[in-house]
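Asker: Mind looking over this structure? Questions follow.
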Amino acid sequence: MSGFVAIVNTNGAPVDLTLLEHLTNSLRCRGPDQQKVWADGPVGLGHTLFRTTHEARYENQPASLDGMVWITGCIRVDGRRALIAELGLEKRLSLDTTPDSELVLHAYRTWGERCLDHLLGDFAFALWDGHKRQLFCARDRFGMRQLYHAQVGNSLVVSNSMYCMRQHPAISSELNDQA
């Protein structure tokens, strides 16, 4: 049950690192094993890790393969061996040491947003594509993982924790009944 948060300022203003760290700290109960933030101008990602699988020992989110596409999330990928084979990476990736977030990054690199057609498991994630300057967020088909979002002024805030969302000073505690 790792925790994550993403902030994108649509007006191009730099992410407030103090706010990003505060929101990430609010997720500590979801991820006591590791905590990390990453920011680049108008985008910031925060993650707290709760190791629940063997390969999670190698998890280090927010994560990137190339410094341009970044991911943070609560991700458990099933059918890992089949996914690695489908990606044609059997010789490059170790089933035992490749974290699930890296598998999602490889799937996104190969299929873009259609990567969801190839992912099994339960997950919610936020992926920043620096090439497209676009935030791609998704959760598993059955909605096993929560994914909340709010547009506040010029900022989009995404998290898997309602508590984290409510820590943002511009987000109201009132729920949108219509949504």
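Asker: Is it the case that the stretch 9-29 has a residue that's open to solvent by 30 Å² or more (accessible area, probe 1.4 Å) and modelled with pLDDT under 95?
Answerer: Within the stretch 9-29 (the criterion being open to solvent by 30 Å² or more (accessible area, probe 1.4 Å) and modelled with pLDDT under 95), the answer is yes, since at least one residue qualifies.
Asker: Can you name the number of the only condition in (1) open to solvent by less than 20 Å² (accessible area, probe 1.4 Å); (2) part of a strand (DSSP E or B); (3) out of contact with any Phe, Trp or Tyr (no Cβ under 7 Å at 6 or more places or on another chain); (4) under 15 Å from Leu156 (Cα atoms) that Gly46 fails?
Answerer: Going through the list (1) open to solvent by less than 20 Å² (accessible area, probe 1.4 Å); (2) part of a strand (DSSP E or B); (3) out of contact with any Phe, Trp or Tyr (no Cβ under 7 Å at 6 or more places or on another chain); (4) under 15 Å from Leu156 (Cα atoms), Gly46 breaks only (3).
Asker: In the stretch 66-76, which residues are surrounded by fewer than 24 Cβ atoms within 10 Å (Cβ to Cβ) and in contact with an Asp or Glu (Cβ under 6 Å, 6 or more places away or on another chain)?
Answerer: Val69, Arg76
Asker: Restricting attention to the stretch 107-138, and to residues there that are touching a residue at least 12 places away in the same chain (Cβ under 8 Å) and closer than 13 Å to Leu87 by Cα, which single residue is most open to solvent (accessible area, probe 1.4 Å)?
Answerer: For the stretch 107-138, the residue satisfying everything is Arg109.
Asker: Continuing with the same structure: Within the bounds of the stretch 116-124, is there any residue that is farther than 25 Å from Arg57 by Cβ and part of a helix (DSSP H, G or I)?
Answerer: Yes: the stretch 116-124 contains one or more residues that are farther than 25 Å from Arg57 by Cβ and part of a helix (DSSP H, G or I).
Asker: Might you let me know whether the stretch 141-162 holds any residue that is part of a helix (DSSP H, G or I) and on the phi < 0 side of the Ramachandran plot?
Answerer: Scanning the stretch 141-162 turns up at least one residue that is part of a helix (DSSP H, G or I) and on the phi < 0 side of the Ramachandran plot.
Asker: Also, quick follow-up: Suppose we keep only residues that are within 21 Å of Pro62 (Cβ to Cβ) and out of contact with any strand residue (DSSP E or B) (no Cβ under 7 Å at 6 or more places or on another chain) within the stretch 153-179. Which one would you say is surrounded by the fewest Cβ atoms within 10 Å (Cβ to Cβ)?
Answerer: Only one residue tops the list, namely Tyr163.
Asker: Return the residues of the stretch 50-77 that are among the acidic types (Asp, Glu) and either over 21 Å from the mean Cα position of the chain (by Cα) or modelled with pLDDT of 95 or more (or both); say none if nothing qualifies.
Answerer: Listed by number, the list holds a single entry, Asp66.
The values are calculated or read from the model by the stated rules, or taken from the named source; none is laboratory data. Owing to the predicted nature of the structure, the values given are computational and were not obtained by experimental measurement. Methodologically, a virtual Cβ is constructed for each residue, glycine included, from the backbone with ideal geometry; neighbour enumeration extends over all protein chains shown. When the accessible area is computed, the model is the full protein with side chains, heavy atoms only, and any ligands, DNA or RNA have been set aside. Shrake-Rupley method; radii C 1.70, N 1.55, O 1.52, S 1.80 Å.
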